[in-house]
Amino acid sequence: MLLSSRRIAVALCAVAIFITLTIYKVVQKDSISNSLSFLHSSLSLNHSSLPTEKGSPRFAYAQYATDINYLCNTIINFNRLKRSGTKHDMVLIFPKEWDHESTNTREAQAIKNLRASDLNIVFRPFDILSTDKGDSTWHDSLTKFHAFALIEYTRILAFDSDSLVLNNMDFLFLAPDSPVAMPRAYWLTDREHAKQILGSHIMLIEPNTHRYKRIINEAMRSGEFDMEVLNELFKDSAMILPHRRLALLTGEFRAKDHSKYLAPDEEEEWNAMVEASRAYLVHFSDWPLPKPWESHTEAQWEAALPECPDDDIKKPDQSRCADSI
């Protein structure tokens with residue numbers, strides 16, 4: 001009798017456990033279902049409240065030309081970019097008069113020839129933007145501001161056509177987001193003063209119509225050069241690009257003190273061959289020596305050549321008088 005009672009108790013206990021587990025599974029299933037339903041509902045709500053996703057980013061290089069000599073150099077640079085392996089668009093900003101059928105100039109003929117070529121250049125004619133201040137060399141430099149109007153692109157790497165591309169610069173397009181990114185004008189930097197000046201011969205920009213109009217308005221109002229205009233508007237907000245390798249000037253090769261260019265590694269030994277081989281871009285800026293495509297006298301050339309100290313010796317990674325080569 002006692003054994004029978006125990007069997008009944010065990011059976012009842014087993015039934016109770018089975019019922020408990022069954023109820024637990026049902027409750028758990030309902031809970032998970034409700035949770036998933038709530039999560040799906042939340043995600044749907046959040047998704048609908050988010051802005052529409054943009055398409056794939058579009059990047060491009062941009063140069064401007066206002067005469068036949070600068071146009072020639074833009075084509076040289078576009079070819080060098082293509083040979084470096086870039087797959088991004090290459091935009092040419094130029095005076096819209098060159099695109100008129102009735103225009104019979106060397107520039108207009110060059111544009112026709114380029115359109116018929118297989119260089120895959122994107123042609124963007126604009127009005128020339130000029131200032132009457134200073135030397136005529138820089139009168140039309142404001143024309144570069146039209147790069148801010150190329151709103152079909154996510155990012156533009158715009159650089160002056162009086163430069164020479166030395167290496168691929170595609171990596172810059174992946175830099176952190178910033179409306180405008182520029183290097184410091186290191187040759188004008190004075191570490192004893194807080195004021196820093198931005199260089200405008202290379203700019204990583206996010207095209208924007210409002211920003212474009214703001215820049216043009218400031219340029220027309222002030223009558224200043226491009227660098228002064230951009231410093232006025234973005235000196236406190238622009239992202240800083242490293243000047244070394246990106247903002248190398250030809251004038252640096254005849255400087256006696258390279259500490260500003262080498263900063264923050266001022267104690268590093270200057271090596272002209274290494275700097276030239278590692279640079280992405282070199283800017284022809286060696287006043288009063290003219291641009292390479294302009295004629296110069298023998299006296300101007302001799303005066304511009306870097307000095308070669310008597311104690312300068314050949315090294316494994318550097319020839320003697322390397323700055324002069």
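In the set HIS243, HIS210, only one residue is part of a loop (DSSP other than H, G, I, E, B) and either farther than 30 Å from ARG58 by Cβ or not aromatic (Phe, Trp, Tyr) (or both); that residue is HIS243. Across the range 250-286, the qualifying residues are those that are modelled with pLDDT of 95 or more and among the hydrophobic types (A, V, I, L, M, F, W, C), and the one among them that is nearest to the chain's Cα centre (by Cα) is LEU281. Looking across the range 249-291, the residues that are in contact (Cβ under 8 Å) with a residue 40 or more places away in the chain and closer than 23 Å to ILE68 by Cα come down to LEU249, LEU281, VAL282, HIS283, PHE284, SER285, LYS291.
Might you let me know whether the range 260-273 holds any residue that is assigned to a helix (DSSP H, G or I), outside the structural domain of CYS308 (by TED's automatic domain parsing) and either of a type in the set (S, T, N, Q) or closer than 30 Å to PHE148 by Cβ (or both)?
Pass one, the range 260-273, residues assigned to a helix (DSSP H, G or I): 260-262, 272-273.
If we keep only those that are outside the structural domain of CYS308 (by TED's automatic domain parsing) as well, we get none.
No.
Can you pull out the residues in the range 91-112 that are among the hydrophobic types (A, V, I, L, M, F, W, C) and closer than 26 Å to PHE59 by Cα?
Just the residues of the range 91-112 that are among the hydrophobic types (A, V, I, L, M, F, W, C), to begin with: 91-94, 98, 108, 110-111.
Scanning the range 91-112 gives VAL91, LEU92, ILE93, PHE94, TRP98, ALA110, ILE111.
Every test in (1) in a loop (DSSP other than H, G, I, E, B); (2) touching a Leu at 6+ places or on another chain (Cβ under 6 Å); (3) more than 21 Å from ALA279 (Cα to Cα) is passed by SER200 save one, and that test is (3). Here PHE159 meets the list (1) free of Cβ contacts under 8 Å to residues at least 40 places away in the same chain; (2) buried (at least 22 other Cβ atoms within 10 Å of the Cβ) almost entirely, failing just condition (1). Could you tell me whether any residue of the range 68-90 is in contact with a Pro (Cβ under 8 Å, 6 or more places away or on another chain) and either buried (at least 20 other Cβ atoms within 10 Å of the Cβ) or outside any loop (DSSP other than H, G, I, E, B) (or both)? No. Within the range 112-129, residues that are assigned by TED's automatic domain parsing to the domain that holds HIS88 and at pLDDT below 90 sit with their Cβ atoms under 6 Å from residues that are surrounded by 10 or more Cβ atoms within 10 Å (Cβ to Cβ) and in a strand (DSSP E or B), at 6+ positions apart or across chains, in these pairs: ILE128/PRO95. Being crowded, with 21+ Cβ neighbours inside 10 Å and without any contact (Cβ under 8 Å) to a residue 60 or more places away in the chain is not true of MET169.
Within the range 294-306, being out of contact with any Pro (no Cβ under 6 Å at 6 or more places or on another chain), under 29 Å from ILE68 (Cα atoms) and either surrounded by 13 or more Cβ atoms within 10 Å (Cβ to Cβ) or without any contact (Cβ under 8 Å) to a residue 40 or more places away in the chain (or both) holds for SER295, THR297, GLU298, ALA299, GLN300, TRP301, GLU302, ALA303, ALA304, LEU305.
The number of residues in the range 131-160 being modelled with pLDDT under 95 and either assigned to a loop (DSSP other than H, G, I, E, B) or on the phi > 0 side of the Ramachandran plot (or both) comes to 7. Only one of the numbered conditions (1) at pLDDT below 95; (2) among the hydrophobic types (A, V, I, L, M, F, W, C); (3) not in a loop (DSSP other than H, G, I, E, B) is not met by PHE173, and that is (1).
The values are calculated or read from the model by the stated rules, or taken from the named source; none is laboratory data. Everything numeric in this text was worked out from a predicted model, so none of it was measured. Ideal geometry is used to build each Cβ from the backbone, glycine not excepted, and the neighbour counts take in all protein chains shown.
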